[in-house]
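Participant: Structure provided below as structure tokens; questions to follow.
The values are calculated or read from the model by the stated rules, or taken from the named source; none is laboratory data. Just so it is clear, the structure is predicted and the values come from calculations on it, not from any experiment. When we count neighbours, we look across all protein chains shown, and the Cβ atoms used for this are built from the backbone with ideal geometry, even at glycine.
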Amino acid sequence: MKKIVICFCALLIAQTATAAITVAFPNTTGVSWAGLQPLILDFAVDGAGVVSLNASTGNVTATAAEIAGVDSWDNANVGTVDTAFAGEIFSLAVSTGGNGLNGRIEDGGCLGIAGLNPGRIDNSGAESMDWALSGSVDLEFTAFGQANDGGGGGRHLRVLDVDTDNMIALAIDPSTIDLTGMGYLLSDTEVLTFTTGVLDIQGNPNVNAGGAIASITFDVVPEPATMVLLGLGGMLLRRKK
């Protein structure tokens, strides 16, 4: 009976294993986009665990070039998760507080906010970019790509969700910022926010302190209720041995 319990527990572990999903925001048109908000990223998991992306903008005034640019992000395979997630669908809605969402051309493409420094999330007008989750899975955000879009040294982004809040230092050159283990875990209706809040040496808001988002990386994880059910299944088997 011990062998059965061990094998079943191993199966549970395998079923909850996930692979990272990375979505980039290329813009090869040579023209910056201004009418992207709200940006909707719809994901679906097929029977083999392959995750597809359908991107769209809900802005009725978006130009044909903007619509075509967002549609170009559609991808039949943005990553693979365990087949335990087969049939799941979920969405991320990207919007901004205040000024609108930009699709910039820096480093091949990035998302920013219109304002004093268009194409950056900066400290002018308390800019913020929100990523709201809708779906029956949880997402753990593990990295984001940072574009090289000016602003000089000492730039930061403040990254927060319902229970995690960190100031993340940005590099001068394009780079991937690792969020692994920081606890950026979203459930249905929860929001991941990129904003600023950096002060200069005089204690005033540094309007050049932020950056732009070139990509986002996350893992798909089961909801807590699913984890409880899996745990109960293992306990029942142990009681039967």
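Participant: Working only within segment 170-201, note down all residues that are of a type outside the set (Val, Ile, Thr), closer than 19 Å to Ile21 by Cα and outside any strand (DSSP E or B).
Facilitator: Scanning segment 170-201 gives Leu179, Gly181, Met182, Gly183, Tyr184, Ser187, Asp188, Glu190.
Participant: For the condition at pLDDT below 85 and of a type outside the set (Val, Ile, Thr), what is the one hit in Gly115, Gly108?
Facilitator: On inspection, the qualifying residue turns out to be Gly115.
Residue-wise test of (1) touching a helix residue (DSSP H, G or I) at 6+ places or on another chain (Cβ under 7 Å); (2) surrounded by fewer than 17 Cβ atoms within 10 Å (Cβ to Cβ); (3) at positive phi.
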{"residue": "Ile113", "(1), (2), (3)": "no, no, no"}
{"residue": "Ser128", "(1), (2), (3)": "no, no, no"}
{"residue": "Ala147", "(1), (2), (3)": "yes, no, no"}
{"residue": "Asp161", "(1), (2), (3)": "no, no, no"}
{"residue": "Ala169", "(1), (2), (3)": "no, yes, no"}
{"residue": "Thr180", "(1), (2), (3)": "no, yes, no"}
{"residue": "Thr193", "(1), (2), (3)": "no, no, no"}
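Participant: If you don't mind, another one. Considering each of Leu92, Leu53 in turn, give the residue that is closer than 22 Å to Thr195 by Cα, hydrophobic (A, V, I, L, M, F, W, C) and modelled with pLDDT of 95 or more.
Facilitator: None of the other options fit; the residue is Leu92.
Participant: Further question: Condition first: modelled with pLDDT of 70 or more and either assigned to a strand (DSSP E or B) or more than 18 Å from Val94 (Cβ to Cβ) (or both). Now tell me which residues in segment 209-227 satisfy that.
Facilitator: Ala209, Gly211, Ile213, Ala214, Ser215, Ile216, Thr217, Phe218, Asp219, Val220, Val221, Pro222
Participant: Moving to a separate point now. Which one of these does Ile201 not meet: (1) surrounded by fewer than 17 Cβ atoms within 10 Å (Cβ to Cβ); (2) β-branched (Val, Ile, Thr); (3) modelled with pLDDT of 95 or more?
Facilitator: Exception for Ile201: condition (3).
Participant: Are any of the residues in segment 10-25 crowded, with 16+ Cβ neighbours inside 10 Å, of a type outside the set (Phe, Trp, Tyr), under 18 Å from Ser95 (Cα atoms) and modelled with pLDDT of 85 or more?
Facilitator: yes
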